[in-house]
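Student: Dumping the structure here so I can ask a few things about it.
The values are calculated or read from the model by the stated rules, or taken from the named source; none is laboratory data. Quick caveat, the model's predicted, so the values are computed rather than measured. Cβ sites come from the backbone with ideal geometry, for glycine too, and all protein chains shown count toward neighbours. Side chains included, ligands, DNA and RNA excluded: accessible areas come from the protein's heavy atoms. Shrake-Rupley method; radii C 1.70, N 1.55, O 1.52, S 1.80 Å.
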Amino acid sequence: MDFLSELGIQDSNSAAFCGTWMPGEGAPFDSFSPVNGKRIATVRAASRSELETITSKAHEAFLRWREVPAPRRGEYVRRMGEVLRAKKEPLGRLVSYEVGKILEEGRGEIQECIDIADFAVGLSRQLYGLTIASERPQHSMRETWHPLGAVGVITAFNFPAAVWAWNAMLALVCGDAVVWKPSEKAPLTAIAMTKICAEVLAEDGFAPLVGLACGSNEDVAIPMTEDARYPLISATGSTRMGRAVGQVVAARLGRCLLELGGNNAIVCLEDADLDMALRAVLFGAVGTAGQRCTTTRRLLVQKGARVELERRLLAAYDQVAIGDPLESSTLMGPLIDHDAVEQMQRALQAARDQGGEILCGGDVIELSGDLAGGHYVKPAIVRIRHDAEIVQHETFAPILYVIEIADLDEAMRLHNSVPQGLSSAIFTADVRAAERFLSAIGSDCGIANVNLGTSGAEIGGAFGGEKDTGGGRESGSDSWKAYMRRQTSTINWGSTLPLAQGIHFGD
Ligand code: UN1
């Protein structure tokens, strides 16, 4: 476990950072590895009063930070990206060991942090506003973007570094502070990331800009969402959690950026390249053990391709090496915990009860030796009717529902008939079908791809989805606008005072 010491993780660690590490007065808890169920280290949670200090220090730091020119803020983020590059390997290993994704994906997750840091550096010189033609003579109008304040970032276990980085790197160049409430299932990755990024900011007294408060919902998440010193709460997790956060933040007229559940489908038409479709479905459904919000959960396959694609999928699933995520030959590591295994079993039972046929997998696997006590399962393929109720739900596990469709019309209707709207994809060689899938009458998701899968988005695009997915957009494109406040200014450089809309008032 050299990576733990390389990242400064000790046997007992504070998860309360306000520019300096605080005692961590909340109830201590352990971070367990899903690889073998073993305790990795103890974490001392942030108490409610520590959160108060973290919030006020972040806010104070923000008041100074907002005056630093944006390109200079970008310079700090550039240096964070450099340290992340240097620490990519131990960080990737920690992600892999703490949440169970395979090392290749753990490394990919840190690469995603580096990529967004690079993006944010460029952005720091491109926080463009507008100039607008005024209807009044000798007037000019413009729109500028200003820093917002401290952003509360609540993240899930499955992307324990990258989702924070999407938020933090943009927020920092936008002139904001960030206070992070990570998942209690992945606190060590959060501690390591905070240590690395705070060090870059510390030289100039800006370390409180990256506050960390890992603790219970009562002590941390709820007070953060209620606190007007957080003009923006960015939350990633279940739709249930997002609904609760959204209501509390809306009640105080704060802003929310929500990234919630997905129920992502790949549509595969008869004219598709089945080799490509196969690989995309495999990565989308089995990658990260089905624990991405972008995981492929439904395969809507046209009648003429179903038998062949099922055959190839069954052969491919049979070859999936399940085991230690840190071993290079492994393709699928464990689920995050015992609860996740149980939820998968419950979903499979519901699928059976609703007429689904389990084509393969679903079994719980007890591995021995170093992996005894880990939460391993076999990925499942279930052939099912689309009107089975279970298909409406996101189960955070590797279950792929295969649904036969007659044509593109039926595919699109069924595709959009679930409450969630995150990611989607179509495999076809027909440009008309592809464009229709991407059109206003096509996929209703925030992400819609052609001839590639539902997961593994690049950071350059805006990431997020519609309906029960929450409507937020993070990461690339113009997502940065969520982290700033917009100001419209009209400047009168003449010596009369004409009113807009041609109104005469007392003259
Ligand atoms: C998530 O699962 O919360 O597109 C994020 C993807 C990754 C991000 C997933 N880049 O699959």
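Student: Would you mind calculating the gained length between Ile358 and Leu438 on full extension (0.36 nm times residue separation, minus the Cα-Cα distance), in nm to one decimal?
Tutor: Between Ile358 and Leu438, full extension yields 25.7 nm more.
Student: Now for a different question. Between the DSSP loop rule and a limit of at most 11 other Cβ atoms within 10 Å, which GluC sites (Glu not before Pro) in region 56-90 are left?
Tutor: Those that pass, being in a loop and sparsely packed, are Glu67.
Student: Here's something else I'd like to know. Tell me what the chain gives for mean residue ellipticity at 222 nm when only DSSP H runs of n ≥ 4 count, each as -39,500 (n - 2.57), the sum divided by the residue total, rounded to 500 deg cm²/dmol.
Tutor: -11500 deg cm²/dmol
Student: Working with all protein chains in place, sort Arg73, Arg243 by solvent-accessible area computed with a 1.4 Å probe, largest first.
Tutor: Arg243, Arg73
Student: Return the distance in nm (one decimal) between the two label points of a simple spin-label model at Ser368 and Gln487, each offset 7 Å from Cα along Cα→Cβ.
Tutor: Taking the simple label geometry, Ser368 and Gln487 are separated by 6.9 nm.
Student: Let me ask something else. If you plug each phi of region 102-113 into the Karplus form 6.51 cos²θ - 1.76 cosθ + 1.60 with θ = phi - 60°, what whole-Hz ³J(HN,Hα) values come out, in order, with x for Gly and Pro?
Tutor: Karplus-based 3J(HN,Hα) across region 102-113 equals 5, 3, 4, 7, x, 5, x, 5, 5, 4, 5, 5 Hz.
Student: Determine the sum of side-chain charges near Ala27: Lys and Arg each +1, Asp and Glu each -1, restricted to other residues whose C-beta is under 10 angstrom from that of Ala27.
Tutor: Here the count lands on -1.
Student: Can you list the HN-Hα couplings for region 492-501, worked out from phi with the Karplus curve (6.51, -1.76, 1.60; θ = phi - 60°), rounded to whole Hz and with x for Gly and Pro?
Tutor: Coupling constants for region 492-501: 9, 9, x, 10, 10, 10, x, 9, 5, 6 Hz.
Student: On to the next question. Once you have a ≥ b ≥ c as the square roots of the Cα gyration tensor eigenvalues for the chain, tell me rounded if a/c is under 1.5, and otherwise prolate or oblate according to whether a/b is larger than b/c.
Tutor: oblate
Student: Whose amide H sits under 5 Å from the amide H of Ile102, counting only residues 5 or more places off or on another chain, with H placed in the peptide plane?
Tutor: Thr288, Gly333
Student: Something else: Debye sum, Cα scatterers, region 349-507, no solvent: what log₁₀ I/I(0) at q = 0.10, 0.13, 0.20 1/Å?
Tutor: The calculated log intensity ratios at q = 0.10, 0.13, 0.20 Å⁻¹ are -0.58, -0.82, -1.32.
Student: Separate question: What whole-number distance in Å separates the alpha-carbon centres of region 113-178 and region 411-450?
Tutor: Each part reduced to its Cα centre gives a spacing of 29 Å.
Student: List the lysines whose Cα sits under 25 Å from the Cα of Lys378, skipping any in the same chain fewer than 8 residues away.
Tutor: Within the straight-line limit of under 25 Å, Lys378 reaches these lysines: Lys38, Lys101, Lys185.
Student: Per residue, what accessible area does region 264-450 have, given a 1.4 Å probe and all protein chains present, in Å²?
Tutor: Heavy-atom accessible area per residue stands at 41 Å².
Student: Would you mind calculating the gained length between Phe29 and Arg311 on full extension (0.36 nm times residue separation, minus the Cα-Cα distance), in nm to one decimal?
Tutor: Using 0.36 nm per residue and subtracting the Cα-Cα distance, I get 97.0 nm.
Student: In addition: What's the carbon and sulfur percent of the chain's accessible surface, probe 1.4 angstrom, rounded to a whole number?
Tutor: 51
Student: Then there's this: Explain nothing, just the number: relative contact order of region 1-150, from Cα pairs under 8 Å at least 6 residues apart, as a whole percent.
Tutor: Relative contact order for region 1-150 comes out at 21 percent.
Student: Under the rule of at least 5 residues apart or a separate chain, name every residue whose amide H is placed under 5 Å from the amide H of Ile154.
Tutor: Long-range HN contacts for Ile154: Lys181, Ser234, Ala235, Thr236.
Student: Rank these residues by their accessible area, most exposed first, probe 1.4 Å: Asp507, Asp30, Asp409.
Tutor: Sorted by accessible area, descending: Asp507, Asp409, Asp30.
Student: Still on this structure, I have one more. With only Lys, Arg, Asp and Glu charged, each at its Cβ (+1 for the first two, -1 for the last two), find how big the charge dipole of the chain is about the Cα centre; round to the nearest 20 debye.
Tutor: Charge dipole, the chain, about its Cα centre: 1080 debye, nearest 20.
Student: Using the Karplus equation 6.51 cos²θ - 1.76 cosθ + 1.60 (θ = phi - 60°), what ³J(HN,Hα) coupling, rounded to whole Hz, does each residue of region 338-352 give in order, writing x for Gly and Pro?
Tutor: 5, 4, 5, 5, 5, 4, 5, 4, 5, 5, 5, 5, 4, 4, 4
Student: Restricting to Cα pairs below 8 Å that are 6+ residues apart, what does the relative contact order work out to for the chain? Please round to a whole percent.
Tutor: Once normalised by length, the contact order is 18 percent.
Student: To continue, here is another question. Quick one: length gained pulling Ala202 to Glu218 fully straight, 0.36 nm per residue minus the C-alpha distance?
Tutor: Length difference between fully extended and current span is 2.8 nm.
Student: Rounded to the nearest 10 Å², what accessible area does Lys378 show when all protein chains are kept and the probe is 1.4 Å?
Tutor: 90
Student: Keeping all protein chains in place, calculate the accessible area per residue for region 1-135 (probe 1.4 angstrom), answer in Å².
Tutor: Heavy-atom SASA per residue in region 1-135 reads 45 Å².
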